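Quick one: the structure is below, and I'll ask about it shortly.
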Amino acid sequence: MKSVPPTVVIADDDPDILSLVAIAVRKADLELVARHENGASAWESIRELSPTLVVLDVTMPGLTGLEITRNIRADVSLSGTRIVLLSAGVDAAASGEALSAGADVYLTKPFSPSGLAARLVEIVR
């Protein structure tokens, strides 16, 4: 019997980055269940779908990736959800803020889809 692949919700307000993340999800053999260009609709999908993994841009309209991360960590029904935050911010403070909000991984842009795919596989193991 074939196992069900982990599910993923992605969100980034840049359509090009969103496409690259979607490519990485497919390369990692994960199931992309929703993609969003703003944080508010992403949060609705996350609550509705309870994905295995979310990949979020830190800075988005509606809700930021940091706000969504805090929301996920405050919701006991989403306690198993893994979180990857993406940002152009390369300083230690940005990384520290992401991790203290509850992200499992903080990655900087730009990234390669194959590199991101490898990290996603590691995260859902």
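For segment 62-93, which residues satisfy the criterion of being farther than 19 Å from Ala40 by Cα and surrounded by 17 or more Cβ atoms within 10 Å (Cβ to Cβ)?
Answer for segment 62-93, where residues must be farther than 19 Å from Ala40 by Cα and surrounded by 17 or more Cβ atoms within 10 Å (Cβ to Cβ): just Gly89.
Now a separate question. Hey, can you tell me all the residues within segment 1-13 that are more than 14 Å from the chain's Cα centre (by Cα) and either assigned to a helix (DSSP H, G or I) or touching a residue at least 24 places away in the same chain (Cβ under 8 Å) (or both)?
Our first condition is that a residue be more than 14 Å from the chain's Cα centre (by Cα); within segment 1-13, this holds for 1-5.
Hits for segment 1-13 are Val4, Pro5.
One line per residue, one yes/no per condition, for (1) among the acidic types (Asp, Glu); (2) touching a residue at least 40 places away in the same chain (Cβ under 8 Å); (3) in a helix (DSSP H, G or I); (4) farther than 20 Å from Ala24 by Cβ:
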residue	(1), (2), (3), (4)
Ile83	no, no, no, no
Val90	no, no, no, no
Ala93	no, no, yes, yes
Glu97	yes, no, yes, yes
Tyr106	no, no, no, no
Pro110	no, no, no, no
Ser114	no, yes, yes, no
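Just need a number here: residues in segment 1-16 that are buried (at least 19 other Cβ atoms within 10 Å of the Cβ) and either of a type in the set (D, E, K, R) or modelled with pLDDT under 95 (or both).
Here the count works out to 1.
In addition: Among the residues of segment 24-47, which ones are among the hydrophobic types (A, V, I, L, M, F, W, C), part of a helix (DSSP H, G or I) and surrounded by 16 or more Cβ atoms within 10 Å (Cβ to Cβ)?
Hits for segment 24-47 are Ala24, Val25, Ala42, Trp43, Ile46.
Mind listing whichever residues of segment 48-67 are within 21 Å of Lys109 (Cα to Cα), in contact (Cβ under 8 Å) with a residue 40 or more places away in the chain, not acidic (Asp, Glu) and not in a helix (DSSP H, G or I)?
Leu53, Val54, Val55, Leu56, Val58, Thr59, Met60, Pro61
So if I check each of Arg26, Arg73, Arg35, which one is among the basic types (Lys, Arg), within 20 Å of Ala118 (Cβ to Cβ) and modelled with pLDDT of 95 or more? If you could, list the steps in order and put the result at the bottom.
Details: Arg73 fails: within 20 Å of Ala118 (Cβ to Cβ); Arg35 fails: within 20 Å of Ala118 (Cβ to Cβ).
Residue meeting the stated conditions: Arg26.
The values are calculated or read from the model by the stated rules, or taken from the named source; none is laboratory data. Keep in mind the model is a prediction, meaning the values are calculated, not measured. FYI the Cβ positions are ideal-geometry reconstructions off the backbone, even for glycines, and counts take in every protein chain you see.
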